[in-house]
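The values are calculated or read from the model by the stated rules, or taken from the named source; none is laboratory data. The structure presented is a predicted model; accordingly, all values stated were derived computationally and were not measured. For neighbour counting, all protein chains shown are included, and Cβ atoms are generated from backbone atoms with ideal geometry for every residue, glycine included. The area values use the complete protein model at the heavy-atom level, side chains included, leaving out ligands, DNA and RNA. Shrake-Rupley method; radii C 1.70, N 1.55, O 1.52, S 1.80 Å.
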Protein chains: 2
Amino acid sequence: MHCQKLASLAFLLGFVSCQALSAQTKTVAERLGYQPDTKLLIIHADDLAIAHSEDSASFEALDKNYVTSASIIVPGPWLTEVADYAKAHPDADLGLHLALTSEWKTFRWGSVESKDKVPSLLDPAGTLWPLTEMVAKNAKPQEVEREYRAQIERAMALGIHPTHLDTHMGSALSTPEILAVYVKIAHEFHLPILAPKIPGDPLKLSALLSDKDVMVDSVVIANPTIQPDKWKEFYLDAIKNMKPGLTEIIVHLGHDDAELQAVMVDHPDYGSAWRQRDFDVVSSPEIKKALQDNHIVLVKWKDLRKIIQ
Amino acid sequence: MHCQKLASLAFLLGFVSCQALSAQTKTVAERLGYQPDTKLLIIHADDLAIAHSEDSASFEALDKNYVTSASIIVPGPWLTEVADYAKAHPDADLGLHLALTSEWKTFRWGSVESKDKVPSLLDPAGTLWPLTEMVAKNAKPQEVEREYRAQIERAMALGIHPTHLDTHMGSALSTPEILAVYVKIAHEFHLPILAPKIPGDPLKLSALLSDKDVMVDSVVIANPTIQPDKWKEFYLDAIKNMKPGLTEIIVHLGHDDAELQAVMVDHPDYGSAWRQRDFDVVSSPEIKKALQDNHIVLVKWKDLRKIIQ
């Protein structure tokens, strides 16, 4: 997820890193056919379909295996570009980045569902709320369900076969009622979701999941406290410190070009330079070497989809 | 208008250039306080809000008076960027490029009105029809009226005070019923519209207009038969051959960059290189000199708005 919300959650928790909440007797690694203490990693690019710059960087990262998976903002204006890519690359691991927010200043998107069916999801300009907090305050769960369903159905109608669902800016986790919708929809479509393990399980997420569902033990996302010159070090440390279990490193990829600079104007956090740095890091030989040196097994969401069926 | 439709109409007619259909006893020039045989010219940039590349080129052209006027595609994803510009530049002459089509391959927009209120305007993917012919075949006039009204109201809600209305890809001219809606809405909002004079008045447009309305005597738009190396010559000839009356030169401005290339992929007509050529021509000193040498009086749509009130 992109990710102020999850990042701030992660930040508050000193990092989302938590183990052993699973009700499963077998670890995810075992269920996937690996040794129980294998370090499994999904490297995931968020926010496809928001901009051509984002798409082209993410497609390159998928093609060159810099990332294993990615997810799509269905209301994003570049959805058809991603649908074309998905059809041309049927093995690409693409999920849906279910979105209830539209956070940029001069580049906004609305709902996929008819506006008059989801009025509680829209700000006065008719676009999705800019902040997760506004979603939590205003969004009616039945309208969230309609919108989630519309996003999934639109993606499928365009020939995208999603491998998983996750949540843009963490809005699916913003209230217990929306969280329940998120899990319900995932179960209905037989798709895995990004369900982060959080110490103490304050969201009571595990209670909503079935024994077959998979939780992610640790989520790694860059945050605004990291200095640009420490960017690679942050990810290298995360790989070095990975524990057995399932980790997801979430990145936001783009080129620091005129388009993305304009999309993300006045928003250095998760902005275009940030996304260029993420791209530069995931494509670097040091990351590839660190993954090998630390015996990391890269997995995709489609691998998880198989074991939850 | 961008403009395959009007361009093809212009092309069929050997050029949209036609005089003396006006029911007015005074010429537009006289009504504006000029000599009756003045050559009046609007240089107009279409398609604002579709892409940052389009916006930035058009804003520069407006700021430097390369164009006198421009119009906005309200369902375009970059609407807020244009709204910000409009608020910062209250003298900029900005109209609404009423859109019933979404013509690009991998970059599509939908209706501004709720989808379930305008189903006849939407293709199976839920976006506006790609071609004007599909609008003519499918669009119900009452739904066109709803969508036009929604586009105008959304622009106004964002702080845009439109100076005129025109029509993306000429879809407002595609059936007599839609044309009647276009004129009705313009009258209701007291805005001038691009109403081209066409020999024989096959659209029976003049019958819909009041004595106060203004028709454009001649519309000049580049078309695909013009070779790139003859681009400037085409516009210079158009200026040299201008007759007394009101002419509008319609251009499509953009930078031939990664974003616009992706928006207009597989579509060289009106594509990114085309828009760069248009920008290069309107910003050239030869155009400025030709306007002076031929005693052209540049006018804006807001000048026309005054005389139709």
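Take B:GLU153, move 7 Å from Cα toward the beta carbon, and the resulting point lies 2.5 nm from the same point in each other copy, nearest first. For the cross-link pairs A:LYS64/A:LYS288; B:LYS197/B:LYS300; A:LYS117/B:LYS184; A:LYS140/B:LYS117; A:LYS115/A:LYS204; A:LYS240/A:LYS289, the ones whose C-alpha atoms lie over 20 Å apart are A:LYS117/B:LYS184; A:LYS140/B:LYS117; A:LYS115/A:LYS204. Placing +1 on the Cβ of every Lys and Arg and -1 on the Cβ of every Asp and Glu, with no other charges, gives the protein assembly as shown a dipole of roughly 900 debye about its Cα centre. The mean number of Cβ atoms from other chains found within 10 Å of a Cβ in peptide A:106-113 is 5, as a whole number. When the solvent-accessible area of chain B is split by element, carbon and sulfur atoms take up 55 percent of it, the probe being 1.4 Å. About its Cα centre, what dipole magnitude does region B:234-297 give when the only charges are +1 on Lys and Arg Cβ and -1 on Asp and Glu Cβ, stated in debye to the nearest 20? Dipole about the Cα centre, nearest 20: 400 debye.
Within 10 Å of the Cβ of each residue in A:51-61, the mean number of Cβ atoms contributed by other protein chains is 2.
Placing unit charges on each Cβ (+1 for Lys and Arg, -1 for Asp and Glu) gives chain A a dipole about its Cα centre, and among A:THR225, A:GLN276, A:PRO141 the Cα reaching farthest toward its positive end belongs to A:PRO141. Distances between equivalent label points of B:PHE189 across the copies, with each point positioned 7 Å along Cα→Cβ, amount to 3.6 nm, shortest listed first. Of all DSSP beta bridges confined to chain A, the antiparallel ones make up roughly 10%.
Spatial offset of region A:37-115 relative to region B:81-102 amounts to 29 Å, using the alpha carbon center of each. The phi-based Karplus calculation (6.51 cos²θ - 1.76 cosθ + 1.60; θ = phi - 60°) puts the 3J(HN,Hα) values of region A:89-102 at 10, x, 8, 5, 8, 10, x, 10, 8, 3, 10, 10, 10, 9 Hz, whole numbers, x for Gly and Pro. Beta bridges assigned by DSSP with both partners in the protein assembly as shown are antiparallel in approximately 10 percent of cases. Only one residue of A:GLY200, A:LEU298, A:MET264 has its Cα farthest out toward the positive end of the dipole of region A:151-309, where Lys and Arg carry +1 and Asp and Glu -1 on Cβ, and that residue is A:LEU298. Distance between the C-alpha centres of region A:197-225 and region A:138-164: 22 Å, rounded to the whole angstrom.
Using a 10 angstrom cutoff on alpha carbons, build the Gaussian network for chain B and name the most mobile of B:ILE50, B:ILE221, B:ILE296. Of the options given, B:ILE296 has the highest mean-square fluctuation. Take B:LYS140, move 7 Å from Cα toward the beta carbon, and the resulting point lies 2.4 nm from the same point in each other copy, nearest first. When the Cα positions of A:LEU191, A:PRO90, A:PRO77 are compared along the charge dipole of chain A, A:LEU191 comes out farthest toward the positive end, with charges on each C-beta of Lys, Arg, Asp and Glu.
Between B:LEU203, B:LEU246, B:LEU41, the residue with the greatest mean-square fluctuation in the GNM of chain B (Cα pairs under 10 Å linked by springs) is B:LEU203. Basic side chains Lys and Arg get +1 at the Cβ, acidic Asp and Glu get -1 at the Cβ, and with that the dipole of chain B about its Cα centre reaches some 780 debye. Interface burial in region A:116-147 reaches 10 Å² or more for A:ASP116, A:LYS117, A:ALA125, A:THR127, comparing the full protein assembly with the chain by itself; accessible area from heavy atoms with a 1.4 Å probe.
When chain B is treated as a GNM with alpha-carbon contacts under 10 Å, the residue of B:ALA238, B:ALA207, B:ALA86 showing the greatest mean-square fluctuation is B:ALA207. Of the residues A:GLU143, A:GLU133, ranked by 1.4 Å probe accessible area with the largest first, the sequence reads A:GLU133, A:GLU143.
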